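Undergrad: The structure under discussion is supplied below as structure tokens; questions concerning it will follow.
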Amino acid sequence: MFGSVFYELSAILIFAAVVAFIGLRLRQPLIVSFIAAGILAGPSVLNLVQETGYLDLMSELGISLLLFVVGLKLDLHLIRTTGIVALTTGLGQVIFTSVVGYFICLALGLSPLVSIYIAVALTFSSTIIVVKLLSDKGEIDALHGRVALGFLIVQDIVVVLVMIVLSAMGVGAETENGMALALALMLLKGVLFLGLIAAFIRWGARPLLDRLAGSPELMVLFAVGWAVALASVSDILGFSKEIGAFLAGVTLASTPFRDIIGSRLMSLRDFMLLFFFIELGAHMDLSTIHAQIVPALILSAFVLIGNPLIVMIIMGLMGYRKRTGFLAGLTVAQISEFSLIFAAMGMSIGHLDADMVGLVTLVGLITIALSTYMILYSQQLYARLAPFLGIFERRMPYRETGKGEQAGSEKWDVILFGLGRYGSNMARGLRQQGLSVLGIDFDPEAVRQWQSQGYTALYGDANDPNFASHLPLHDDQWVIAAVPAQRGALSDSDATRTLLRSLRTAGYRGRIAITAQRPMDIHDLKEAGADLVLLPFADAAHHAVQAVVDYRRGSPPHEHQPEHLA
């Protein structure tokens, strides 16, 4: 049609940008838009994709960069800080989904081998999508966000191990009656390969990057070259390119430059992955898709409902509140880009055909699209479903009560939500004035740090409509929300409005102070029930100006303590 690969590539990029813009308006992740662009650009619709050689190459580079960044960001510390719940929930969800998914696939008439592949593909959730959505909502540091990231990392480790096994199966398939020998040889080569990588991590990575750090561009160039080089070595040794790229990231993960490299590679990674998803969509045959709609809907319903249920069950048994389990469970209600890569690897070995890869892709489109809205509107979903979720919560959810009994046995002058920089300084100032303060924060680390200083603090989220009913409320105290309200007029999903409403529902008639970012928000906050509105940025600017003026007048600089409760 175009007569030139360059012209074809130009048309595909512009077309993908248009589809992605429409997807953005629909609040869909780029993965969905890119696959849709591939389907529309493929031979079944517009037939824009005719030359596939460059797509194959670019998609391989994109996958290598994806696995490299995953290895680079592999944070085992996060798994340790979230405790046993990350391992238990992650492994429990993987086992449950793969076992139940296998029998569902058998019931759909698929062969045992194909059923294994698809069941395993259903277990992986998209870390990229979840992190993006939780970050946009400001929930990445909440308890459910930290737990979700913990078991998503467990999933990432599992998918890498599965890919290693898959690579060994591919080697074994090429040698008749030689599976045991092939596995032994693969194990030997793997040990040697990992030994060399361990040596590089121990003695080579830090000194090399120290020399490259003077030129960020050179460091990024080395990182990309290193990822592709180890991917090539891994492929030569009989492993997959993906394993080598992942290990390349792991080799640099222990250096202090990993965040710089990762942040600079994000855009390049997303751009290169565009070609993988376009190629995947372009290979979907729409003429046969009608036969896959029913299986795709059944498997999608299992992922959308079954995965969150198993997470809620496990977290409930481990002592978490039903709300935490529900919000964390929603993050696994989709399959990931790794599921699609896993299915594509199965096809390259010969275990899956194009129709089965298309089935996994269709499940990915459905689950990613729907779970995005489930996560975005998680608070509204919880508000509607909360009355039915009591079976997922112990009588005493001990992991979140912390020092609840101690908190309930005292009468506090101030209950303060938010132990960040502003809130913690306010708490210290109030304590210096002789007031007792009960601190509350949705970040478990902030709670632990405050408790380590000998202060009483609880984990709690202002978005939880039931949390206020568990607080030691008295009408002669202050409740202060040191968490800024959303910009502009308050919405029903705003944590500030939720807190105000839940306090009044719990029978609290005392005074409430709320922080705001702009003076124009004061009216809305007072209409919603706030007695006092604090403006941290305006207060800070006012006292900074006063300090400068005093200094110019010859007065010694001194600290100005605002009387927040005057």
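Just so you know, all these numbers are worked out from the coordinates, no wet-lab data involved. Small disclaimer: the values here were computed from a predicted structure and weren't measured. We place every Cβ from the backbone using ideal geometry, glycine too, and count neighbours over all the protein chains shown.
Undergrad: For ALA231, what is the net charge nearby, where nearby means another residue's Cβ is under 10 Å from its Cβ and Lys, Arg count +1, Asp, Glu -1?
TA: Here the count lands on -2.
Undergrad: Would you mind checking which residues have amide H under 5 Å from ALA481's amide H? H placed 1.01 Å from N; only 5 or more apart, or other chain.
TA: Here PHE417, ALA513, ILE514, THR515 satisfy the definition.
Undergrad: Of the peptides 425-435, 91-101, how do they stack up when ordered by the mean number of other Cβ atoms within 10 Å, highest first?
TA: Averaged packing, sorted descending, gives the order 91-101, 425-435.
Undergrad: Taking neighbour Cβ counts within 10 Å as the exposure measure, how do PHE6, PHE200 sort from fewest upward?
TA: So the residues, fewest neighbours to most, are PHE6, PHE200.
Undergrad: In degrees between 0 and 90, to the nearest 10, how far off the longest principal axis of the chain does helix 30-41 point, with axes built from Cα atoms?
TA: The helix 30-41 is inclined about 40 degrees to the chain.
Undergrad: Based solely on its DSSP helices, what 222 nm [θ] is calculated for the chain when runs of n ≥ 4 H residues each add -39,500 (n - 2.57) and the sum is averaged over all residues, nearest 500 deg cm²/dmol?
TA: Only helices count here, giving -20500 deg cm²/dmol.
Undergrad: Suppose every K and R has +1 on its Cβ and every D and E has -1 on its Cβ; what is the size of the dipole of the chain about the Cα centre, in Debye to the nearest 20?
TA: About 1300 debye.
Undergrad: So what are the three principal axis dimensions of region 402-552 from its Cα atoms, in whole Å, longest to shortest?
TA: Reported extents, whole Å, longest axis first: 52, 36, 29.
Undergrad: What are the ³J(HN,Hα) values, in whole Hz, obtained from phi via the Karplus relation 6.51 cos²θ - 1.76 cosθ + 1.60 with θ = phi - 60°, for each residue of region 61-67 in sequence order, with x given for Gly and Pro?
TA: 5, x, 5, 4, 5, 4, 5
Undergrad: Under the Karplus relation 6.51 cos²θ - 1.76 cosθ + 1.60, θ = phi - 60°, what is the ordered set of whole-Hz ³J(HN,Hα) values for region 108-125, x standing for Gly and Pro?
TA: Per-residue couplings from phi come out as 7, x, 7, 6, x, 5, 5, 4, 4, 4, 5, 4, 5, 4, 6, 7, 8, 10 Hz.
Undergrad: Right, another one. Which is farthest toward the positive dipole end of region 5-392 among VAL191, PHE302, MET374, measuring Cα position about the Cα centre, with Cβ charges +1 (Lys, Arg) and -1 (Asp, Glu)?
TA: Highest projection toward the positive end goes to MET374.
Undergrad: A further question on this structure: R0 = 22 Å: FRET efficiency of ALA386 with ILE298, Cβ-based, nearest 0.05?
TA: After rounding to 0.05, the efficiency reads 0.20.
Undergrad: Where Rh is the Kirkwood radius over the Cα pairs of region 276-323, the temperature 20 °C and the viscosity 1.002 mPa s, what D in µm²/s does Stokes-Einstein return?
TA: Translational D for this selection: 158 µm²/s.
Undergrad: Looking at the chain from every direction and averaging, what is the projected area of its Cα convex hull in nm²?
TA: Quarter of the Cα hull surface area: 31.8 nm².
Undergrad: Just grab the label-to-label distance for LEU187 and ASP476, each label 7 Å out from Cα along the Cβ direction, in nm (one decimal).
TA: In this crude label model, LEU187 to ASP476 measures out at 7.4 nm.
Undergrad: Same structure, new question: If you line up the long axis of helix 421-432 against the longest principal axis of the chain, both from Cα atoms, how many degrees apart are they, to the nearest 10?
TA: On a 0 to 90 degree scale, this one is about 30.
Undergrad: Find which of HIS474, PRO444, GLY423 sits farthest along the positive direction of the dipole of region 402-552, computed with +1 on the beta-carbon of Lys and Arg, -1 on that of Asp and Glu, about the Cα centre.
TA: Going by the Cα projections, it comes out as GLY423.
Undergrad: Order of HIS144, HIS542, HIS283 from fewest to most other C-beta atoms within 10 Å?
TA: HIS542, HIS283, HIS144
Undergrad: Please give the Cα centre distance for region 87-142 versus region 190-228, rounded to the nearest Å.
TA: Cα centres, region 87-142 to region 190-228: 32 Å.
Undergrad: Something else about it: With axes computed from alpha carbons, what is the tilt in degrees of helix 337-349 against the longest principal axis of the chain, rounded to the nearest 10 within 0 to 90?
TA: Roughly 10 degrees, rounded to the nearest 10.
Undergrad: Between LEU458 and residues 5 or more places away or on another chain, which pairs have amide H atoms under 5 Å apart, with H built 1.01 Å from N, and which residues are they?
TA: Amide H neighbours of LEU458, under 5 Å, 5+ apart: GLY439, ILE440, ASP441.
Undergrad: By counting other Cβ atoms within 10 Å of each Cβ, how are SER111, SER64 ranked from fewest to most?
TA: Least crowded to most crowded, the residues run SER111, SER64.
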